[in-house]
1. For each of GLU258, GLU387, GLU218, count neighbouring Cβ atoms within 10 Å of the residue's Cβ, then give the residues from fewest to most.
2. With a length cut of 24 Å (Cα positions projected on each helix's long axis) and a Kyte-Doolittle mean of at least -1.0, go through the chain and give me the DSSP H helices that pass.
3. Just want to confirm a number: the relative contact order over the chain, from Cα pairs under 8 angstrom separated by 6+ residues, in percent.
4. Given that compact globular proteins tend to follow 2.2 N^0.38 Å, what is the ratio of the alpha-carbon Rg of the stretch 1-134 to that value?
5. Within the P(r) computed for the stretch 303-448, what percentage of the Cα pairs occupies the region above 19 Å?
6. Considering only DSSP beta bridges with both partners in the chain, what is the antiparallel share in %, to the nearest 5?
7. Multiply the residue separation of ALA404 and THR6 by 0.36 nm, subtract the distance between their alpha-carbon atoms, and state the gained length in nm to one decimal.
8. Given the options PRO121, ALA111, PRO61, identify the residue whose Cα lies farthest towards the positive end of the charge dipole of the stretch 50-208 (+1 on Cβ of Lys, Arg; -1 on Cβ of Asp, Glu).
Amino acid sequence: MLSEKTRFGLDETAIPEQWYNIIPDLKSPLAPPLAPDGGPLDPGQLAAIFPMECIKQEMSPERYIDIPGAVIDVYKTYRPSPLLRAKQLEKDLGLPAGVRIYYKYEGVSPAGSHKPNTAIPQAYYNKQEGITKISTETGAGQWGSALAIAGALFGIDIEVFMVKVSFEQKPYRRILMETYGATVHASPTNLTDSGRRVLGLDPDSTGSLGIAISEAVEVAASRPDTNYALGSVLNHVCLHQTIIGQEAIAQMELAADEPDVVIGCVGGGSNFSGLAFPYYRRKLDGKSSARLVGVEPKACPTLTAGEYRYDLGDEAGMTPQLLMYTLGHDFVPAGIHAGGLRFHGDSPLVSQLLHDGGMEAVAVDQTACFAAAVQFARTEGILPAPESSHAIRAAIDEALAAQAAGEDRVILFGLSGHGNFDLAAYAQYMSGDLKDFDYAAGVVLGGK
Ligand SMILES: *Cc1c(COP(=O)(O)O)cnc(C)c1O
């Protein structure tokens, strides 16, 4: 029987002891990364910037990978994250009993998003391998804050290249990172060759994740004591996030309900992977027939309008080439508030899942997302991150479509983070100044 409860809790003993690796379950073998120039990749190039354990996980054929005890101990401070039924939202939408909405809330972590789920193991593995400093990029500041916390916990210095548009829009995220002890720069900077090159082409550049990644990788590659950490896209990052979906499956069992559709917003693909990949496994086990839906902004529609091909992960060509959906590594999307969704490419695992027909993707406008976010805040009480609002928009649209068709539908979406540092974006929305941008509003560096 369906539970009348709202909140489906688990205690810390229910934190999964292994991550789920989707690689052995994909329909086709994983396409290997290539060198920046498109030739074969020299493993030494990866070893110069990543810990060996993450490189191993990147290509691992093992379906389940043990989570180190020291990592589980930190997970225990904020996990399992809650799964809730959105009863007040359902009521506000006037949904029939057969259409139900659940959400898995990652905003309870100290950074306010899902990102610590991978920042913690990455900092741990770097520490184990003798690294004293990690350089990284951040968009909205969520990843930078997560890594800053993990760095503080494991005693590693963190240097963050923050996309300039977010650095200016979100001073509080910068202050948060600095409070945890990190050093933060507005990217593009004059500190790296990559940054200087972009400023030469466009002195007013608002930056992009692709540019900030170039800068952070350049710093890591040039110093032996420094590694680089990425907060999304790569296989080991998606792997670390799979605790979300494993917990959600157990919590939905407590709710005595099974989702017909599982939804997550997609920037580089990690929170979507975290929630959806364990459901993909559940489908292979014949226990679920859920549709898996990724949601992206119309201003940066990688999965819905990009090409499936090898491309660089960054602007300057410091990173390997990955087979993924991409808008081109020199594409800089319009400055929408969902900074974490402004990446030109996507996770190779998510891309391959889409290419193989294992998931769907939709693109939505930012004003429609903010409308959904405000409705959610006023009914469920949580102020969503602008990124997460994309998943809320799609969840509401699914619910209304089911209602219109007279169908039952159980919807589970990932609420990847809270928006308590995104109040300037909400102010702009409420004053009616927020605009929609499509793909064409982005610019291609160098004016090609
Ligand atoms: C970074 C971020 C995203 C986008 O990144 P993914 O790797 O696609 O999950 C989404 N939501 C929040 C709250 C974020 O911080």
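1. Least to most surrounded, the residues fall as GLU258, GLU218, GLU387.
2. On the way: long enough: 388-405 (26 Å, 0.41).
Helices meeting the criterion: 388-405.
3. Working: 1002 pairs, mean separation 87.9, N = 448.
Reported relative contact order: 20 percent.
4. On the way: Rg = 19.8 Å, N = 134, 2.2 N^0.38 = 14.1 Å.
Relative to the rule-of-thumb radius for its length, the stretch 1-134 sits at 1.40.
5. Values: 6278 of 10585 pairs.
Of all Cα-Cα distances in the stretch 303-448, 59 percent exceed 19 Å.
6. Numbers: 20 of 54 bridges.
Close to 35 percent.
7. On the way: separation 398, 0.36 × 398 = 143.28 nm, distance 2.50 nm.
My answer for the length gained is 140.8 nm.
8. It is ALA111, whose Cα lies furthest towards the positive end.
Quick note: the coordinates plus some simple rules give every number you see, no bench work behind them. Predicted model only: the values in this text are computed from it and were never measured. Because the Cβ atoms are built from the backbone with ideal geometry, glycine has one as well, and the counts that use them run over all protein chains shown.
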